[in-house]
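Read the structure below first, then the notes.
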Amino acid sequence: MTEITSLKDGLIADIARADTLDAVEALRVGALGKSGVVTALLKTLGAMTPEERQTKGPAIHDLRESVTAAIAARKAALETAALDARLAAERIDMTLPADPQPQGSIHPVSQVMDELAEIFADLGFSVATGPEIEDDWRNFTALNIPETHPARAMHDTFYFGENDRAVGGDGNPAAMLLRTHTSPVQIRTMMAAPPPIRIIAPGRVYRSDSDATHTPMFHQIEGLVIDRGIHLGHLKWTLETFLKAFFERDDIVLRLRPSYFPFTEPSVEVDVGYSVENGQRVIGGSGDAENGGWMEVLGSGMVHPAVIRNCGLDPDEWQGFAFGTGVDRLAMLKYGMNDLRAFFDGDLRWLRHYGFSALDVPTLSGGVGA
Ligand code: PHE
């Protein structure tokens, strides 16, 4: 009898000490399995005399029940501990978004405008804006494009009706229109505050025109510098610095061609050299190279004295340069898109393909591109 009691005490102590589910299972097999010690004792009951069975039977059954209960209790305790540990380790932060996939993207036009603002901010330019509904004095007349000037016809202007006339920038009644370029922001800036002036003006412009490279609405960026002693060298350096930063290449070669804009004199059209890499035109390299050519990217020139005078400034004291270019076109050249119309279709597949991460903010140090 004492044998059974000490066997029971020993087994229960072993079970209490078992610190893994495997250890408990090994003890169960050793005690209650087919050839376990307790099973062996149970088997001896059959061969006993009825008297013997009466005295030893209850102790053996008690042994089996106690060991079975101890094993079940130990197993449950270990399972609870394991679950607690798992719950602590697999903690979920319910405040995190359910789907961490970034949604939406920055449109290439916005991206390029941000890149331009970053590049020009570094050169000391601030960003100016003007309204898209403009009067014809600021859009044309003040820019040295009088009513009879053929350039007015060239702009394919969207005019508002006769009844929508308002007061123009010179105080006289003026026809209203959708601005055909960002150049009226030059007028607004010169009339708003005295020089020195260093601004860029990005924004929407409108012309009645539509094909693969023209849409009725598109984006331009204007640049204007007004100060004392400004000359063509300042213009060339500024554009070269800007184009190198924008295309992120040092081998940007500029070609300045004499041109004509009513509001600049002299007027200069700017080409950049491109080379052909894998059948694709890539900005950079000398345009005279065997495998390349020139691409027009900018209109510019020295601000016409008449324009400076129209804004109430003395052209003998103040000089400056201006430039203008298409933002969409710059985006197409830099990021290799070929159909302008896709910019404004709102096709999600196009936006996912050409869009930029909202977290990828253009900086000069980190790279203005993507
Ligand atoms: N406004 C001109 C255009 O729309 C571009 C330009 C701006 C040219 C400033 C010279 C100076 O084509």
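Which ones in the range 269-298 are open to solvent by 10 Å² or more (accessible area, probe 1.4 Å), farther than 11 Å from Leu333 by Cα and touching a Ser or Thr at 6+ places or on another chain (Cβ under 7 Å)? Across the range 269-298, the qualifying residues are Glu269, Gly285, Ala289, Asn291, Gly292.
Scanning the range 178-232 for residues that are polar (S, T, N, Q), within 16 Å of Leu330 (Cα to Cα) and in contact with an Asp or Glu (Cβ under 7 Å, 6 or more places away or on another chain) yields a single hit, Thr182. Can you say whether Leu351 is at pLDDT below 95, more than 29 Å from Arg188 (Cβ to Cβ) and assigned to a loop (DSSP other than H, G, I, E, B), as far as the supplied structure shows? Against the criterion (at pLDDT below 95, more than 29 Å from Arg188 (Cβ to Cβ) and assigned to a loop (DSSP other than H, G, I, E, B)), Leu351 does not qualify. Please verify whether the range 193-214 includes one or more residues that are more than 21 Å from Ser267 (Cα to Cα), assigned to a helix (DSSP H, G or I) and more than 14 Å from the ligand (Cβ to nearest atom). Checked the range 193-214: no residue is more than 21 Å from Ser267 (Cα to Cα), assigned to a helix (DSSP H, G or I) and more than 14 Å from the ligand (Cβ to nearest atom). Screening Pro266, Pro305, Pro258 for residues that are free of Cβ contacts under 8 Å to residues at least 24 places away in the same chain and within 15 Å of the ligand (Cβ to nearest atom) leaves exactly one candidate, Pro258.
Restricting the search to helices (runs of 4 or more DSSP H) fully inside the range 92-177 and requiring at least 3 residues that are modelled with pLDDT of 95 or more and out of contact with any helix residue (DSSP H, G or I) (no Cβ under 6 Å at 6 or more places or on another chain) gives 108-122. Among residues of the range 275-289 that are of a type in the set (Gly, Ala, Ser), those with a Cβ under 7 angstrom from a residue that is open to solvent by 70 Å² or more (accessible area, probe 1.4 Å), sequence gap 6+ or separate chain, pair up as Ser275/Asn291; Gly287/Arg255.
Just one residue in the set Ala26, Ala89, Ala59 is over 30 Å from Leu351 (Cα atoms), open to solvent by 80 Å² or more (accessible area, probe 1.4 Å) and small (Gly, Ala, Ser); that residue is Ala89.
The rows are residues; the columns are (1) touching a helix residue (DSSP H, G or I) at 6+ places or on another chain (Cβ under 8 Å); (2) in a strand (DSSP E or B); (3) not assigned by TED's automatic domain parsing to the domain that holds Gly233.
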position: Asp250; (1), (2), (3): yes, no, no
position: Leu256; (1), (2), (3): yes, yes, no
position: Ser259; (1), (2), (3): no, yes, no
position: Gly287; (1), (2), (3): no, no, no
position: Leu298; (1), (2), (3): yes, yes, no
position: Val307; (1), (2), (3): yes, no, no
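For (1) open to solvent by 10 Å² or more (accessible area, probe 1.4 Å); (2) closer than 26 Å to Ile252 by Cβ; (3) among the aliphatic types (A, V, I, L, M); (4) not assigned by TED's automatic domain parsing to the domain that holds Glu317, each residue gets a yes or a no:
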residue: Ala175; (1), (2), (3), (4): yes, no, yes, no
residue: Thr189; (1), (2), (3), (4): yes, no, no, no
residue: Pro202; (1), (2), (3), (4): yes, yes, no, no
residue: His231; (1), (2), (3), (4): yes, yes, no, no
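Taking the criterion of being in a helix (DSSP H, G or I), open to solvent by 60 Å² or more (accessible area, probe 1.4 Å) and without any contact (Cβ under 8 Å) to a residue 24 or more places away in the chain, would at least one residue in the range 314-331 satisfy it? Scanning the range 314-331 turns up no residue that is in a helix (DSSP H, G or I), open to solvent by 60 Å² or more (accessible area, probe 1.4 Å) and without any contact (Cβ under 8 Å) to a residue 24 or more places away in the chain.
The values are calculated or read from the model by the stated rules, or taken from the named source; none is laboratory data. These figures come from a predicted structure and were not determined experimentally. Note: ideal-geometry Cβ built from the backbone for every residue, glycine included; neighbour counts use all protein chains shown. Remember, those area values only see protein heavy atoms, side chains included, never the ligands or the DNA or RNA. Shrake-Rupley method; radii C 1.70, N 1.55, O 1.52, S 1.80 Å.
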